[in-house]
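The values are calculated or read from the model by the stated rules, or taken from the named source; none is laboratory data. Keep in mind that this is a model prediction, so the values were computed, not measured. All Cβ positions, even for glycine, are placed from backbone atoms using ideal geometry, and neighbour counts span all protein chains on display.
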Amino acid sequence: MLGDQIKSIRLANKMSQVELARRLEISKQTVSNWENNIIKPSIETLKKICRVFSCSSDYLLELDDDKKIHLETEDLSLEQLAHIRQIVAELSSLIKTNKQMIE
């Protein structure tokens with residue numbers, strides 16, 4: 001459910017309900033109501049949540065299990081983007097290596 005997805009991604013980002021509410025300019029109680037599946041955010045608020053967590057609305061709505069994140073990169077140089085890609089590739093490789101060692 002949407003509330004469960006919001007809570008999950010909020011916790012994964014080590015963010016409190018208060019912090020999320022502040023960033024969205026809403027009350028903490030509203031965030032709590034979403035996470036308890038009492039109410040649902042508006043479409044405009046859903047867009048803001050996606051921007052805060054750099055995720056797609058499809059992911060939050062469980063239409064897509066893709067956990068890819070989307071980063072704002074317009075202010076970065078090509079060299080900076082290449083460096084970010086390299087870090088992600090190295091991290092992915094490290095994770096795969098660790099999984100193989102455990103198995």
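Points to keep in mind about this one:
- Given (1) more than 22 Å from GLU72 (Cβ to Cβ); (2) exposed (fewer than 15 other Cβ atoms within 10 Å of the Cβ), number of the condition TRP34 does not satisfy: (2)
- Residue pairs whose Cβ atoms lie under 9 Å apart, sitting 6 or more positions apart in sequence or on different chains, and linking a residue in region 3-24 that is free of Cβ contacts under 8 Å to residues at least 24 places away in the same chain and in a helix (DSSP H, G or I) to a partner that is surrounded by fewer than 15 Cβ atoms within 10 Å (Cβ to Cβ) and of a type in the set (Lys, Arg), are GLN17/LYS28; VAL18/LYS28; ALA21/LYS28; ARG22/LYS28.
- Scanning region 1-33 for residues that are at pLDDT 95 or above and in contact with a Cys (Cβ under 7 Å, 6 or more places away or on another chain) yields nothing.
- Selection status of SER92, modelled with pLDDT of 90 or more and exposed (fewer than 11 other Cβ atoms within 10 Å of the Cβ): no
- On the stretch given as region 36-48, residues that are under 15 Å from the mean Cα position of the chain (by Cα) and not β-branched (Val, Ile, Thr) total 3.
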